[in-house]
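Student: Here's a structure for you.
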Amino acid sequence: MPLPAELDRLRVVLVSTRNPLNIGAAARAMSNFGFTHLRVVNPYGPAFRDAVSAVGAADILATAEQYKNVADAVADCTLVVATSAVGHRKVEHPLERLEQGAPRIRKHLRSGRAALLFGSEKIGLTANQMSHAHFLMRIPTGERNISMNLGQAVAVCLYELVRDAKAAKTQERSAQASAEELERITLKLLEAMRGSDYLARRPIADVEERMRRLVRRLKLPARDAIVWHGILRQIVWKQRKTEKPGRSGQD
């Protein structure tokens, strides 16, 4: 999950939503993925705060902010992203697929506030409403039915934001082995190959360069590099001990 501070900087903005149940479903999706700030622009009716579809998200509906227009709803945000199925509409904004746009939003949330706009169930966002956005984002769907239910669209977009953040954190935790660590493994591997007579039976002219490339293609995490170097050290030590009985210790 992104850091709580990052989650807290996203505003989900529902524009001219007609069905209160869809607002409730959007609030539930927000609660599922850790987002709390809901804004609604000219909802069809005031009863949306009592939507039964907001299971576990009554607090998000209770604190949802209402606005009369998109400009006011996004005034305090430094990045505005509008969602659209696009279809046959002519768009004047840069358009990105969800998997491309989500990393941009997540990166911005590290330091700034962002708004994610969703249009009405009937017509989506108008050209005027879209004009407040920095770019458009679409969920890749089948051509037979490109329009998604509003609550589902919110859920998919928020999941992608969280999923992308989790993937990034996993990569951060799995730091890659340094060039120095990889070179230690390469040299120890070469020593083991020579000590086992592997190269005597299978001569390789450019063995050092080839093994160096092979080791780097493994893309070893730092913690795995330590293990592999330890294994190779033990093999080399055992080879030397076998060659010279009575010698003890490791290099």
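Student: Once you put a point 7 Å from the Cα of Arg240 and another 7 Å from the Cα of Thr141, both along the Cβ direction, what distance in nm separates them?
Tutor: 6.7
Student: If I model a spin label as a point 7 Å beyond the Cα along the Cα-Cβ vector, how far apart are those points for Ile231 and Leu218 in nm?
Tutor: Each label point is offset 7 Å from its Cα along the Cβ direction, giving 0.7 nm.
Student: Order these peptides, 127-135, 112-120, by their mean beta-carbon neighbour count within 10 angstrom, highest first. If you can, show how the numbers build up before the last one.
Tutor: Values: 127-135: 17.4, 112-120: 22.1.
Packing proxy ranking, top to bottom: 112-120, 127-135.
Student: What distance in nm separates the simple spin-label points at Tyr44 and Arg97, each placed 7 Å from Cα in the Cβ direction?
Tutor: Distance between label points: 3.2 nm.
Student: Could you order the peptides 211-217, 35-41, 194-200 from most to least packed, using the average number of other C-beta atoms within 10 Å per residue? Intermediate results must be reported in sequence, preceding the final value.
Tutor: Numbers: 211-217: 14.6, 35-41: 21.6, 194-200: 12.9.
Per-residue mean Cβ counts within 10 Å order the peptides as 35-41, 211-217, 194-200.
Student: I'd like the distance separating the alpha-carbon centroids of region 108-124 and region 1-44, in whole Å.
Tutor: With region 108-124 and region 1-44 each reduced to a Cα centre, they are spaced 9 Å.
Student: What ranking do Asp206, Asp224 get, fewest neighbouring Cβ atoms within 10 angstrom at the top?
Tutor: Working: Asp206 9, Asp224 16.
Ascending Cβ contact count within 10 Å gives the list Asp206, Asp224.
Student: Still on this model: What is the list of residues in region 102-119 whose amide nitrogen lies under 15 Å from a point 7 angstrom out from the Cα of Ala75, following Cα to Cβ?
Tutor: Under 15 Å, as judged by backbone N against the label point of Ala75, lies no residue of region 102-119.
Student: Give, in nm to one decimal, the length gained when the segment between Arg104 and Ala127 is fully stretched (0.36 nm per residue of separation minus the Cα-Cα distance). It would help to have the intermediate numbers written out before the result.
Tutor: Details: separation 23, 0.36 × 23 = 8.28 nm, distance 2.25 nm.
Taking 0.36 nm per residue and subtracting the Cα distance, the gain is 6.0 nm.
A short reminder: the numbers here are calculations on the coordinates, not readings from a lab. These numbers come from a predicted model, not from an experiment. Note that each Cβ is placed from the backbone with ideal geometry, even for glycine, and that neighbours are counted across all protein chains shown.
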